[in-house]
Amino acid sequence: NILFVAPIDLVAASEAIKTFNDFGAGGAMRYSAGGYGRVAEIFTEAVQKFGGDLRLRTGVTKIAVEEGSVTGVETEAGSFAAPIVISNAGLQPTVLRLVGEEHFDKTYLNYVRGLLPSWGLMGIRYFLSEPVFEYPVNIAFSDESYWDAGRFRRIKTGEMSDELLVFNVVPSLYDPSLAPEGKQCALVATLCSPDPEADDSEVWWSKLDEMVDRLWPEMRPHVEREERYSTTHVSSLSRDHVLPGQGGECIGLAQIVGQCGRHKPSAKAPIGGLYYVGCDAGGYGCGTHQAVDSGVKVARMVLRDHNVRQGML
């Protein structure tokens, strides 16, 4: 559940086997030095290093299309012309909001609307006055806490198990610079619906807090403060809510049968010069691994497209 954030009875075996094989061959539990935010910073530094122009806090409001091809983007700071646009906003938000339904045929629109999101993760960040945990990753699960499609359906009707699947990462045990000396921050999460409009966050936070006390009772006296987050926060930061139940998903489109391998959505849109990048298209693997794999592969596609345009137009 926690690797693909999807029903264990629907996850594509081909995707899981290949990913677990990678874990076994190359090692799995690692963390980015400087934190995950540092990964994004390195990408932006590379853009500038190779002559690109970085615009922060400049949200794209529309991808402009004329005669079946992109012509650029419209932003809060004005318009920018470009023959190629690469969107990491998610396939569904890109098609249904940034480009607009009028630029796609009905068959493709129905396909896009029918794609299913992964589940969400919601949780609590515990800031601790002193070290409590010895290991950087702590996962608690049982016969009562795993989720399959049937259990998720029951949970949506209000049923809640006595136990939750709990995922606990302590980043400073990978990189000591990620917490003040003598302190820790435990990032604790559990599975939930990807719906950013769900109104049961308080119930889940309370249950997760209860599970934490049961699993690590020694932690509570050292909690200085907590930060709680839900799929509402995830959607507001990373993915527009454009379809019912969608927006707060953890890993983009679900890696389930029918949406992986040769059935994975193409990174090249049916509009000239438009590409999707990230966990929705172009890559495979677990979480960040999948996003990076997509980035590498889509970059090659875009470079090839650019070189052809330069040589022909």
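What follows draws every value from the coordinates through simple rules; no lab data is involved. If you're wondering where the values come from, they're calculated on a predicted model, not measured in any experiment. All Cβ positions, even for glycine, are placed from backbone atoms using ideal geometry, and neighbour counts span all protein chains on display.
Between the listed residues SER142, SER201, GLY278, the Cα displaced farthest toward the positive end of the dipole of the chain, a dipole computed from Cβ unit charges relative to the Cα centre, is found at GLY278.
Test of understanding: ordering LYS183, LYS264, LYS49 by Cβ neighbours within 10 Å, fewest first, what list do you get?
Values: LYS183 15, LYS264 19, LYS49 8.
Taking fewest neighbouring Cβ atoms as first place, the list is LYS49, LYS183, LYS264.
Near the amide H of LEU116, within less than 5 Å, lie the amide hydrogens of ALA254, all on another chain or at least 5 residues away, with H placed in the peptide plane. Taking 25 °C and 0.890 mPa s as conditions, the range 119-236 diffuses translationally at an estimated 164 µm²/s according to Stokes-Einstein applied to its Kirkwood radius (Cα pairs). Could you please state, rounded to a whole Å, how far the C-alpha centre of the range 208-256 is from the C-alpha centre of the range 124-143? Cα centres, the range 208-256 to the range 124-143: 15 Å. Projecting the Cα atoms of ASN88, ALA267, LEU187 onto the charge dipole of the chain, computed from C-beta unit charges around the Cα centre, puts ALA267 farthest toward the positive end. Global dimensions of the range 101-142 from alpha-carbon coordinates: Rg and Dmax equal 21.2, 58 Å.
Each residue, PHE127 and SER201, gets one label point 7 Å from its Cα in the Cβ direction; the gap between the two is 1.8 nm. Each of LYS156 and SER14 was given a label point 7 Å from its Cα along the Cα-to-Cβ line. The distance between the two points is 2.6 nm.
Each residue of the range 260-276 is assigned a 3J(HN,Hα), and the resulting list reads 10, x, 5, 9, 5, x, 5, 6, 9, 6, x, 10, x, x, 9, 10, 9 Hz, derived from the Karplus form 6.51 cos²θ - 1.76 cosθ + 1.60 (θ = phi - 60°), x at Gly and Pro.
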